[in-house]
Each structure stands twice: as C-alpha cells, then as structure tokens.
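Below is one structure, written out as structure tokens; comments come after it.
Every read-out reported here was derived from the displayed coordinates using simple, explicitly stated rules and does not represent laboratory data. Predicted model only: the values in this text are computed from it and were never measured. Reconstructed Cβ throughout: ideal geometry from the backbone, glycine too, with neighbour counts over all protein chains shown.
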Amino acid sequence: MKKAEIRKHYFLDSYVIFAPKRNLRLHNIHEDQKEELDINECYFCPKNLKDQKIIQDFDNKKYPGIAIIENKFPALTPDNPKAFGKQEVIIETPEHNKELSDLPLEDIMRILRVYDQRIKELKKLKGVRHVLVFKNDGGKAGATVAHAHSQIIALPLIPPKIVRESDAVDEYFLNKGTCPHCDIIRKERHSPRVAYLDDNVIGICPYASSNAFGVWIMPLKHQRTIDDFHGEELESLAKALKKITGKLDDAGISYNYFFDNSLDLESHHFRLKVEPRINIWAGLELGTGMVINPVFPEDSAKFYNS
Ligand SMILES: [Zn+2]
Ligand SMILES: [Zn+2]
C-alpha cells in the first residue's frame, strides 16, 4: 500500500493529506441508496408538475424533455431584501428512473445549453452578482429528490471563496503571463491522472484533489463559458460528463458537480468540477481546513479508465 503524502493545490494555498485506506471497497459505499419516492409522490414527474411555477415545460421545442421550475422551497427570493436571490430547478428528463448518465448525448448537450441560457437570463436580473449551476446526486450529496435534476442559484454577492480563487488566478496570470488552468492541462495531459481525454475536453483527477474520485472537466482550449463550446466541443463536454457520472452511478457513489468558472473574466478557464462524497469531514478537517483523502488521484483515474 502507498504511504501517506501531503500535497499542495496547483496554485492555491491549500493542502490535502492522502492516506489510503486499507479496505476502501467501492461496494461498501452502496449504503448511500437514494430514497426512492413513488412516482405518484415525486413532484418532478410530469404528471405532478401542474401546480409548480413552471418556467419552461418538457415539450418546449428548443429544449424538449427538459423542464425548468422555480425552487419550491427557496432560501433566497426576489422579494426578500434580507436574502435576495432566485433559485431554479432544471428537471433533466421526464422519466423518473433515469440518471443523467443514462441519457443520450444529445439530451445531455441540451441540458448544458439550458444551463448556459438560464445563467444568462439570471445574470440579467438587477441585484444579481453571481450565478451558480450545481447538481446534487444521491443522499450524501444533499439530494432530497431522486428524479434527475440540477439547480441554479442567483446570489446578491460574489462568494468570498470565488473571489479568493479568482484573485489567485489573476495573480498567476500577472506573474507568469499564462492561465493556470491551461498550464495544468499542459502538465497533466500525459500524466496518470487523466480520467477522460478527447480532441476537445480533458477530465483530470487533480494532483491535490480534496475528494476521492474528484474530477475537473475542462476544455483543452482556453474557453470561458459553455457559450464558447461549439458543435463537437459541446458533444465532448457531454461525453465527459456522461462517462464520469456514469462510473459514479454504477458504483453507487453520491456526487456533486458545479460550474467553477462563472465569473466570465478573460483570465478564467471553464471548469466543471465533479466532487464525489465519500470522505466525511471530521474534527481534523473542521479544525484545520486540511482534508484527508483516502484515494490518490492516480488511483481515481484508474477507476474511471477501468
Ligand atoms: Zn419523478
Ligand atoms: Zn486557460
């Protein structure tokens, strides 16, 4: 078994302790079964959507099979000056028992286009400073409904975590004259940490990943938003997402993914981060901000390529 190792993030001041567990068997993770709601009770199934505030229905001609509704229990609302914002849910398929990874590529491409469209719409709202797209899949990832969906939140401020990372990206750019993520791709594309690679898109298990099986999906070219992905490039992004989430679904692993690029600044490189939820944050993590990860990224990449 490999020895434990402390690794530093590519360009941020953060550290991860890799400490392989002797018996981390993937089938042990299965206890995290999603709560299976009856179709009659599921409020994301088409027949139950009637009384929801529907922004776009499943039979929308441009994006058939996808519905967008207002979040039924939003924390942030446009009419609350003390917690201003907007929350939407994107229901990825009318079918109750399908995962995102079960959908054909064209459907996943349509979902990606809907993300782009909703980000643009929400950014137009007065008072909105930041928009985040994310997905919670499985109980450990915070999902409360099994029916495949993702979420969008429009915030009245730019979260400090995002400001810090943005500052670090800009500092790197000023010092070296290059984008840190373009440099990471150059360094990593021939490394044992590649989980997905084609002519347009790469999936990297980061050198100091804070999550077991964590992957950053990025375009090989310096592209800032989904809007910059055309034809084949968008198909590549859909393929990468299907492969990565499919492996996690097959192993019964809960995951979150989110867009990490949403500032849309020149120096920013599009990143879709997939963060599986295996490691539990305990006293060490809470007390130091340093995370213990039981799976080296080289082994995570092997899992995706197996
Ligand atoms: Zn359903
Ligand atoms: Zn770049």
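For the range 269-306, a residue qualifies if it is of a type in the set (Gly, Ala, Ser) and loosely packed, with under 13 Cβ neighbours inside 10 Å, and the qualifying residues are 282, 283, 287, 289, 306.
Residue count for the range 120-138, restricted to those that are surrounded by fewer than 21 Cβ atoms within 10 Å (Cβ to Cβ), of a type outside the set (D, E, K, R) and more than 16 Å from ligand 1 (Cβ to nearest atom): 6.
Among the residues of the range 268-300, which ones are under 18 Å from residue 4 (Cα atoms) and part of a helix (DSSP H, G or I)? Those that are under 18 Å from residue 4 (Cα atoms) and part of a helix (DSSP H, G or I): 284, 285, 288, 297, 298, 299, 300. Restricting the range 248-267 to residues that are buried (at least 23 other Cβ atoms within 10 Å of the Cβ) and not in a loop (DSSP other than H, G, I, E, B), the residue that is nearest to ligand 2 (Cβ to nearest atom) is 257.
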